[in-house]
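The values are calculated or read from the model by the stated rules, or taken from the named source; none is laboratory data. Treat the numbers as computed from the prediction; the structure is a model and nothing was measured. All Cβ positions, even for glycine, are placed from backbone atoms using ideal geometry, and neighbour counts span all protein chains on display. What goes into the accessible areas is simple: the full protein's heavy atoms, side chains included, and nothing from ligands, DNA or RNA. Shrake-Rupley method; radii C 1.70, N 1.55, O 1.52, S 1.80 Å.
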Amino acid sequence: MDHFTFTRKDFPANFLFGSATSSYQIEGHGFGDAGPTHWDSFAATPGNVVRAENGEIACDHYHHFEADLDLAAAAGLDCYRFSTSWARVLPEGTGTPNPEGLDFYDRLTDAMLERGLKPCATLYHWELPQPLADLGGWRNRDIGNWFAEFTEVIMGRIGDRMYSVAPINEPWCVGWLSHFLGHHAPGLRDIRATARAMHHVLLAHGRAIEVMRGLGMDNLGAVFNFEWATPVDDSAAAQAAAETYDAIYNRFFLGGVFKGAYPEPALKGLEPHLPKGWQEDFKTITQPVDWCGLNYYTRKVIGADDGPWPHYAELDGPLPKTQMGWEIYPDGLYQFLTRTAADYTGDLPLIVTENGMANPDVITGGRVSDPERIAYVDAHLARVRRAIADGVPVQGYFLWSLMDNYEWALGYEKRFGMVHVDFDTLVRTPKASYYALKEALTG
């Protein structure tokens with residue numbers, strides 16, 4: 001597939017198109033006096049990251065941001081979703097700000113506005129300052145106030161020019177993936193740490209919303225990641241396993257923010273490990289937001305497991321897969337958009353804040369052909385159009401990602417970008433998907 005089947009005219013007049021990135025994945029954390037993060041420590045530990053790669057240079061967006069934003073603007077995008085690095089702004093996590101870090105985000109913001117791009121910020125995309133990790137990180141209840149301080153510092157500087165802001169990207173990754181499965185920093189496999197991190201990440205979200213409201217800001221949201229849970233068969237055991245997976249992955253964080261309650265199948269294993277008085281925090285966690293963001297890539301086929309809680313196993317599914325080994329299941333995006341509106345958010349605007357695929361793209365003759373990515377995005381945007389036709393208030397779509405970048409524990413070999421990056425020379429080469437999107441949005 002070499003072009004999209006939609007144009008901008010196939011969407012409502014106010015529908016926004018954007019691309020998304022994150023600070024540690026592209027900026028180059030070795031530049032500009034940024035402080036150490038728990039990702040630097042995690043990557044320096046043998047066996048955690050492919051080839052022990054880290055974000056020290058990444059795409060060197062720190063020095064190339066103007067050219068990168070030129071690419072975003074030339075594609076006809078309305079918005080640019082970026083994240084701020086806590087450790088770049090506050091190297092110790094609290095205390096004295098780093099002037100170079102604040103200046104960088106100032107320049108970045110102005111460069112977006114100069115190009116007609118709406119700045120859509122995420123305060124935290126996983127790079128916790130190491131000094132705070134040393135104090136227990138997300139296990140420590142004090143992180144709510146540490147994060148509020150960071151929010152005050154960074155948004156006190158650039159908040160007046162933001163189009164939208166969300167405090168934390170993908171709470172499931174911050175909590176479960178990093179503290180229960182151990183796949184991301186800090187690399188723990190501990191149910192008590194998990195329960196506390198899952199709760200404290202929402203407490204920090206609420207505190208950040210309070211701070212930004214205090215600064216007079218609006219258009220504030222919450223961003224969650226979703227994986228549709230498909231039971232492997234019709235057995236009661238498989239259905240229960242899928243329900244538990246759904247509760248932990250998809251409903252826990254939505255439930256906290258929009259209902260002030262956690263789902264029972266998740267509490268079954270987590271409640272004994274939650275901090276004392278956790279129910280009292282919902283008045284902070286449920287601070288009203290103006291929109292809800294959904295990050296969606298895949299589904300999981302779930303079966304029962306005889307081991308300890310959570311009693312489920314992820315099984316190999318039959319659908320075509322991306323370079324990540326993730327099944328391509330566009331219907332899941334439609335299902336989540338409709339279910340989220342029906343069960344949690346009502347008339348609140350929904351934004352697809354991330355969607356895209358990793359593909360082993362290669363340059364041949366100066367061109368990067370990625371028909372698989374075009375087909376993937378096209379299919380998912382067809383489901384977005386269907387949801388809109390059914391009355392779901394979807395107001396935007398952000399492609400992950402603008403460019404190939406540091407894919408966390410998978411290093412630099414998994415490529416999600418619509419712009420190819422040569423990580424040795426740092427040369428950017430727009431892919432066929434970039435030109436197809438440009439044609440759909442500007443043609």
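The residue of region 116-129 that is farthest from residue 23 (Cα to Cα), among those that are part of a loop (DSSP other than H, G, I, E, B) and open to solvent by less than 30 Å² (accessible area, probe 1.4 Å), is 117.
Scanning region 156-166 for residues that are over 11 Å from the mean Cα position of the chain (by Cα) and more than 14 Å from residue 85 (Cβ to Cβ) returns 156, 159, 160, 161, 162, 163, 164, 165. If you filter region 422-436 down to residues that are farther than 15 Å from residue 70 by Cβ and touching a strand residue (DSSP E or B) at 6+ places or on another chain (Cβ under 7 Å), you find that the one that is surrounded by the fewest Cβ atoms within 10 Å (Cβ to Cβ) is 432. Residues of region 338-377 that are basic (Lys, Arg), under 26 Å from residue 230 (Cβ atoms) and touching a residue at least 40 places away in the same chain (Cβ under 8 Å): 373 alone.
In region 403-443, what residues are hydrophobic (A, V, I, L, M, F, W, C) and under 21 Å from residue 364 (Cβ atoms)? Correct list: 403, 416, 418, 419, 421, 423, 426, 427, 432, 436, 437. For region 353-370, a tally of residues being within 18 Å of residue 410 (Cβ to Cβ), of a type in the set (A, V, I, L, M, F, W, C) and open to solvent by 10 Å² or more (accessible area, probe 1.4 Å) returns 1. For region 380-396, the set of residues classified as hydrophobic (A, V, I, L, M, F, W, C) and in contact with an Asp or Glu (Cβ under 9 Å, 6 or more places away or on another chain) consists of 381 only.
Of the set (1) in contact with a helix residue (DSSP H, G or I) (Cβ under 8 Å, 6 or more places away or on another chain); (2) more than 24 Å from residue 99 (Cβ to Cβ); (3) small (Gly, Ala, Ser); (4) surrounded by fewer than 22 Cβ atoms within 10 Å (Cβ to Cβ), all apply to residue 137 but (4). Summed over region 175-202, the residues that are open to solvent by less than 10 Å² (accessible area, probe 1.4 Å) and either assigned to a helix (DSSP H, G or I) or without any contact (Cβ under 8 Å) to a residue 12 or more places away in the chain (or both) give a count of 13.
Here is a list: 323, 335. Which entry is out of contact with any His (no Cβ under 8 Å at 6 or more places or on another chain), touching a residue at least 60 places away in the same chain (Cβ under 8 Å) and more than 20 Å from residue 247 (Cα to Cα)? Criteria check complete, one pass: 323. Select from region 1-39 the residues that are of a type in the set (D, E, K, R), out of contact with any strand residue (DSSP E or B) (no Cβ under 8 Å at 6 or more places or on another chain) and more than 20 Å from residue 132 (Cα to Cα) and write down the one among them that is least open to solvent (accessible area, probe 1.4 Å). Filtering region 1-39 for residues that are of a type in the set (D, E, K, R), out of contact with any strand residue (DSSP E or B) (no Cβ under 8 Å at 6 or more places or on another chain) and more than 20 Å from residue 132 (Cα to Cα), the one least open to solvent (accessible area, probe 1.4 Å) comes out as 27.
Please indicate, with yes or no, whether at least one residue in region 340-352 is modelled with pLDDT of 95 or more, open to solvent by 10 Å² or more (accessible area, probe 1.4 Å) and under 20 Å from residue 3 (Cα atoms). Taking every residue of region 340-352 in turn, none turns out to be modelled with pLDDT of 95 or more, open to solvent by 10 Å² or more (accessible area, probe 1.4 Å) and under 20 Å from residue 3 (Cα atoms). The one condition from (1) assigned to a loop (DSSP other than H, G, I, E, B); (2) small (Gly, Ala, Ser); (3) surrounded by fewer than 18 Cβ atoms within 10 Å (Cβ to Cβ); (4) within 23 Å of the chain's Cα centre (by Cα) that residue 73 does not meet is (1).
Within region 83-110, the residues that satisfy the criterion of being charged (D, E, K, R), open to solvent by 10 Å² or more (accessible area, probe 1.4 Å) and in a helix (DSSP H, G or I) are 100, 103, 106, 107, 110. The condition of being open to solvent by less than 40 Å² (accessible area, probe 1.4 Å) and farther than 23 Å from residue 231 by Cα holds for only one of 303, 293, that being 293.
Looking only at residues in region 371-386 that are crowded, with 22+ Cβ neighbours inside 10 Å and out of contact with any Pro (no Cβ under 6 Å at 6 or more places or on another chain), the one that is farthest from residue 296 (Cα to Cα) is 374.
Restricting 132, 113 to those that are assigned to a helix (DSSP H, G or I) and touching a strand residue (DSSP E or B) at 6+ places or on another chain (Cβ under 8 Å) reduces the list to 113. Against the condition hydrophobic (A, V, I, L, M, F, W, C), open to solvent by less than 10 Å² (accessible area, probe 1.4 Å) and either in contact with a Cys (Cβ under 8 Å, 6 or more places away or on another chain) or touching a residue at least 24 places away in the same chain (Cβ under 8 Å) (or both), how does residue 237 come out, does it pass? No: the conditions fail for residue 237.
Checked against the criteria, residue 167 does not count as closer than 20 Å to residue 22 by Cα, in contact with an Asp or Glu (Cβ under 7 Å, 6 or more places away or on another chain), open to solvent by less than 10 Å² (accessible area, probe 1.4 Å) and not β-branched (Val, Ile, Thr). Every listed requirement among (1) under 23 Å from residue 18 (Cα atoms); (2) small (Gly, Ala, Ser); (3) at pLDDT below 95 is met by residue 369 save one, (3).
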